[in-house]
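The values are calculated or read from the model by the stated rules, or taken from the named source; none is laboratory data. A quick note: this is a predicted structure, and the numbers were derived from the prediction, not measured. As a convention, Cβ positions derive from the backbone with ideal geometry for all residues, glycine included, and neighbour counts pool all protein chains shown.
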Amino acid sequence: MPESDNLVEQVLAGNRRALARLISLVEDGTPEANEAISVLYSHTGSAYTIGVTGAPGTGKSCLVTELVKHLRTQDKRVAVVAVDPSSPFTGGALLGDRFRMRDLAGDPGVFIRSMATRGQLGGVARATFDVMRVLDAAGFDYVIVETVGAGQNEVEIARVADTVVLVDAPGMGDDIQAIKAGILEIADVIVVNKADRPGVKNTVRALKAMLELGHRKREISHHGQVMIQTDGFEKTLIDDMWQVPVLQTIATQGEGIEELAQAVLNHAEYLSSTGIQAERDRVRLQNELINRLRDRLVYDLLQRMPSQDLEKLVTAIAARELDPASAVQSLVSNSKHE
Amino acid sequence: MGERKIRVLIAKPGLDGHDRGAKVIARTLRDAGFEVIYTGLRQTPEMIVEAALQEDVDVIGLSILSGAHMALTPRIVELMRTSGLEDVKLLVGGIIPEEDISKLKEIGVNAVFGPGANSEDIVKFINEIVVV
């Protein structure tokens, strides 16, 4: 019996060691992982996924910890995937989110996994997605993904989570500027954490104002069904739009957590009652299929092509004898003749 | 298309509050290209082994400056065994008297690094003992 079969059985039987091992195989992109996922896939689709994103220092890890504690009081099994960045220079990473989630230690209904972005060939989003699938198949009721502090990944989270929680904090005015470009559009629930700090009213007001601007923009192009592009991710919107709540929490004291959990539930209910959930799933899976196809085709093409051919082309492009688009054209038509 | 990464858990069991060494090591290992999970101060042996299991690490690095290493380390080794983590390597750093080093190695610690240990040696050691 191949190792992956064995692992899959153990994961489905609730073996945490096997689960951790399989997640590593998925992260490493091994063939065993692909085999395992092809078996596990039919067991997925029952976990509810929550993405928690926001600027560094807003208290995402603390908030996740409190949310998990709350879900545990309802006897839900919860897995957390905490993503931190890899160094672009050494490939190493310091994964420190677990440090802040120590209150969850020793609870057999909780599984926490730290993940480095390993930023190569779109590997992050795909590995995250597959790791979430493994946790879903392992029977967790909720899978929560905490993203890295900033950057494009924050928009990526909309591809993988059912509900996206955006965390902000008072006194980070510049961050509001930073996030308004796209991240507000993917937020389903907004949380102003550290609400005991001065300036909380201003932050809440600013966020609400920006949301209203966003809504007006949406309504203009709004006739029955509208597709909105959000950095390449299409969201389908129908008549009764979700009103993004702006909540206040003090995660360190557990305040506002119940309201947050309720807002997530409301959003889940909204998604399923309007049929948006199914639509989102389709869009998401279609995106994934296309991304995988793209990765695979590029990989295959590069495998088939002698490396000196690629170097020749690069030399020609660098010497301004050939432009990159024409180089691609010649590569693609050459490969068709083979 | 992926790449195997060495994962290391850096933990401080026991009650002393001196985590500077652990942080320096965590950073050094990060710069050496490892994925380092840092769990911070005052971890119980149970917390450390459970974290190592969930994170599927190749190496556990303990930093102990309290003098409690002969109490904490055997407990961790025992828990690693019962959790099926026999293949995970165990390193101990901190203030460890000479006469205890061989005792720790006897119970299954792979290496002990005291004050003044060269960080390159630690990186080299990990690269050698972890079968990728």
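Determine which member of the set B:Ile48, B:Ile96 is at the interface with another protein chain (Cβ under 10 Å from one of its Cβ atoms), in contact with a strand residue (DSSP E or B) (Cβ under 6 Å, 6 or more places away or on another chain), free of Cβ contacts under 8 Å to residues at least 40 places away in the same chain and surrounded by 19 or more Cβ atoms within 10 Å (Cβ to Cβ). Write out each step before concluding.
Numbers: B:Ile96 fails: at the interface with another protein chain (Cβ under 10 Å from one of its Cβ atoms).
Testing whether each residue is at the interface with another protein chain (Cβ under 10 Å from one of its Cβ atoms), in contact with a strand residue (DSSP E or B) (Cβ under 6 Å, 6 or more places away or on another chain), free of Cβ contacts under 8 Å to residues at least 40 places away in the same chain and surrounded by 19 or more Cβ atoms within 10 Å (Cβ to Cβ) leaves just B:Ile48.
Before we move on, is A:Thr315 part of a helix (DSSP H, G or I) and in contact with a helix residue (DSSP H, G or I) (Cβ under 8 Å, 6 or more places away or on another chain)? Lay out the reasoning, then the answer.
Numbers: part of a helix (DSSP H, G or I): yes; in contact with a helix residue (DSSP H, G or I) (Cβ under 8 Å, 6 or more places away or on another chain): no.
No, not satisfied.
Could you tell me whether A:Asn334 is surrounded by 15 or more Cβ atoms within 10 Å (Cβ to Cβ) and assigned to a helix (DSSP H, G or I)? Even if it seems obvious, please write down each step before you answer.
On the way: surrounded by 15 or more Cβ atoms within 10 Å (Cβ to Cβ): no; assigned to a helix (DSSP H, G or I): yes.
No: the conditions fail for A:Asn334.
Out of all the residues in segment A:117-148, which are in contact with a Lys or Arg (Cβ under 9 Å, 6 or more places away or on another chain), at pLDDT 90 or above and within 18 Å of B:Ile37 (Cα to Cα)?
Correct list: A:Val131, A:Glu146.
Within segment A:21-58, count every residue that is on the phi > 0 side of the Ramachandran plot and buried (at least 22 other Cβ atoms within 10 Å of the Cβ).
Selection size over segment A:21-58: 1.
Of the conditions (1) surrounded by 16 or more Cβ atoms within 10 Å (Cβ to Cβ); (2) among the acidic types (Asp, Glu); (3) not assigned by TED's automatic domain parsing to the domain that holds A:Arg98, A:Glu66 fails just one. Which one is it?
Condition (3) is where A:Glu66 drops out.
Spot the failing condition for B:Val24; the list is (1) out of contact with any strand residue (DSSP E or B) (no Cβ under 9 Å at 6 or more places or on another chain); (2) crowded, with 17+ Cβ neighbours inside 10 Å; (3) more than 8 Å from every other protein chain (Cβ to nearest Cβ), and only one is missed.
(2)
Just for strands (runs of 3 or more DSSP E) wholly inside segment A:1-108: which have at least 3 residues that are at pLDDT 90 or above, touching a helix residue (DSSP H, G or I) at 6+ places or on another chain (Cβ under 9 Å) and closer than 17 Å to A:Val145 by Cα?
Passing ranges, in order: A:48-54, A:78-84.
Within the bounds of segment B:34-44, is there any residue that is more than 9 Å from every other protein chain (Cβ to nearest Cβ), out of contact with any Asp or Glu (no Cβ under 6 Å at 6 or more places or on another chain) and either modelled with pLDDT of 95 or more or over 15 Å from B:Val57 (Cβ atoms) (or both)?
no
For segment B:97-132, which positions are modelled with pLDDT of 90 or more and either on the phi > 0 side of the Ramachandran plot or assigned to a loop (DSSP other than H, G, I, E, B) (or both)? Talk me through it step by step, then tell me what you get.
Filtering segment B:97-132 for residues modelled with pLDDT of 90 or more gives B:97-113, B:120-130.
Listed by number, the residues that qualify are B:Pro97, B:Gly108, B:Val109, B:Asn110, B:Val130.
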